[in-house]
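Novice: Right, I'll just put the structure down here and ask away after.
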Amino acid sequence: MKTGWLAWECIVFAIFIFASSCAPLWRRRRDAAAGGSAKRAYIFAGGGVSTLAMILSVARGTLGVRSFLGFPSELVYHGSAMWETLYGIMLAFPIVCWLFIPVYYRLHTNSVYEYLQMRFGSNWVRQMAAATFLVRQTLNLAVTVYTPTVALHAVLALPHWASAAALTVVAIVFNLLGGLAAAIRADVIQTLTMVIVSGAFIVQATVKAGGPGQVLNDNIEGGRLEFFKFTGDPTVRVDTASALIGQLFMSVSIYGCQQTFVQRYCSMSSEARVRRTLLSNVPAVAILFSLSWVVGMTLYAVYKYCDPLLAGRISAPDEVLPFYVQDQFSFFPGMLGLFLGSLFNGALSFLVSNINSLATVTWEDFVSAAPPFKGISDKKQLTIIKIIAILYAILIMCLSLCVGMVGGVVEGSLLVTSATSGALLGVFLLAAMFPVANGKGAICGMIASHVITTWMAAGRLMYVNDKVEMLPLSVEKCPNETISVYHNALPVEVNHTLSLITPLLQTINSTQHTPVDTQSTGTIISDALMKMYSVSYMWYAVIGTLTCVIIGTVIGMITGTEEDAFDEKLLHPFIAKIARKLPGRERKFTNDVNEKAKIEKDISDKTEDTIIEDGKPDVLPVFTTSNSKIFENYERSSSPIRTRL
């Protein structure tokens, strides 16, 4: 690589990062003014974000930076099976519109997990759900941070730790200066840049391969395009059934139960606007999602007879797109810098908006309950939230150095998301759709779901050789001049850390092959466990959700008492209508009019100021809401009865 050419690419990279980072911060003072307070502006974007910007931001958050780098390499080396996860993603948006938005949009919660406390009257349920989100999102962000380090290592031979550290420092500065509105504007810039860059890749590669028809024929002949494959085998990494059903459960959990997205919904001015935004995301996500796969198709057509991985020119499948940019765009100075900058900025905007959500949930659901922090001003709360965000950024950077263990950015992201989605979706379904569910059932269901999915994921990582077999590759037409611009493959610097634990993992793996009597009970159990461990991670969300719902419902039916009564308006409106018509024991709600309620109200009037507008006394549970006043907001917007706690 020529020094002057490399210097120019680095200049373009630096300019793009600086411009795309500073532009979203330009209106930060106006964001604070629109939000009414610095804290609300930081968390909810001040309500000053357009619908189009919100659509692009939600779409951007749906795909993540992994789509830009991971999906093209997935198609080149494993085919189009993962492309079919688009079915589940598209179906999830209307389901979330119908299922969750009517339930808790009007609550105006700082943390969506406060809804669970209101529904079940249990702080344990709220904190367990919040902890699930924190773990899932922290691990997913580690994959996000790892993604641009792959490209920078492939092109510039920059160590992974150095790239991750630089990304973290910029994210911390951006987080201190901006809030959710700035992160959303950064998402818009990043989305538009990805579309432009991906379009340039497709056009150039299509021309190089001989036209759209040739690209399509090459992919069909090479076995890269195979759709609607129903194998009926749950151990297959991904087929049409697991792509549709498994991804549907994961996506509903993400869009309907995850603070990152609900935080965006609550920043909008009306419930109708939320619905329009979500439904508009169906075509937006379909286009953006498919764009990366089309890039993969063109890459395969270009390197069909000269694969860079098989030729030893790259060290990992995820490096194929950076290789292509350096190999084929030398005639366009600045394209490589723009590509690297887009990757870096994509990870940056995704990291900033998500650590915002992580810090908010940590504060609202955990830290704010501590005695030293009760009653502090909004300004001090915002300072603490930003400090928490900095700690998360550092933790995520450290975790990103271990992502290489799980087989790439797509594999790592899907494994983490699927393993943690079941319990989260299950407990929200119990809250909104199952009147019989109570706090005890919700806790037991979540614990059981976590135990099963964690057990399956750990067993898969330790005992199952799940290395995905690559589709046929070729180097039969590899002229030296085609790849002369690229440096030789380098070892991954970050794996110094992983090399220390490799002997331990090898020892653990070696223990599974100990010969035993094939007729013994131990062998039968071992075979059953191996079958369980071999189930594809695409099914983890389904298994976890069903486990949580079934166990939560059964325990709720067994242990339910009148003390579990809750406000009927916390159910989905449709479920609330039919709940009283179902056979079996009558379900008690806190807005039932009975003598016991009147007595309890008379007693509570001594300590509570209750405003009755229609003459019907209600007894509403008292919840700790971390000073967010969400229950007051909910009652004010949806009920003629307002209670000031």
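Novice: By accessible area of protein heavy atoms, probe 1.4 Å, what ranking do 319, 562 get, highest first?
Specialist: Reading off the accessible areas and sorting them downward yields 562, 319.
Novice: Any idea of residue 532's accessible area? Nearest 10 Å², probe 1.4 Å.
Specialist: 50 Å²
Novice: Label the range 418-474 by shape, choosing from rounded, prolate and oblate, from the square roots a ≥ b ≥ c of the eigenvalues of the Cα gyration tensor; if a/c is under 1.5 it is rounded, and otherwise prolate applies when a/b is larger than b/c, oblate when it is not.
Specialist: oblate
Novice: Shifting gears a bit: Heavy atoms only, probe 1.4 Å: what % of the accessible area of the range 318-401 goes to carbon and sulfur, would you let me know?
Specialist: Summing carbon and sulfur atoms, their accessible area is 74 percent of the total for the range 318-401.
Novice: Please go through the range 342-395 and write out the trypsin sites (Lys or Arg not before Pro) that DSSP classes as loop and that have at most 12 other C-beta atoms within 10 Å.
Specialist: 374
Novice: For the range 266-409, what is the accessible area per residue in Å², given a 1.4 Å probe and the full set of protein chains?
Specialist: 32 Å²
Novice: Can you pick out the pairs among 380/569; 386/440; 440/569; 208/229 whose Cα atoms lie more than 29 Å from each other?
Specialist: 380/569; 386/440; 208/229
Novice: Counting other Cβ atoms within 10 Å of each Cβ, which chymotrypsin sites (Phe, Trp or Tyr not before Pro) in the range 277-376 have at most 14 and sit in a DSSP loop?
Specialist: Of the chymotrypsin sites (Phe, Trp or Tyr not before Pro), the ones in loops of the range 277-376 whose Cβ has at most 14 other Cβ atoms within 10 Å are 305, 331.
The values are calculated or read from the model by the stated rules, or taken from the named source; none is laboratory data. Nothing here was measured: the structure is a model prediction, and the numbers come from that model. Cβ coordinates were reconstructed from backbone atoms using ideal geometry, including for glycine residues, and neighbour counts include every protein chain displayed. In case anyone asks, the SASA skips ligands and DNA or RNA and just uses the protein heavy atoms, side chains included. Shrake-Rupley method; radii C 1.70, N 1.55, O 1.52, S 1.80 Å.
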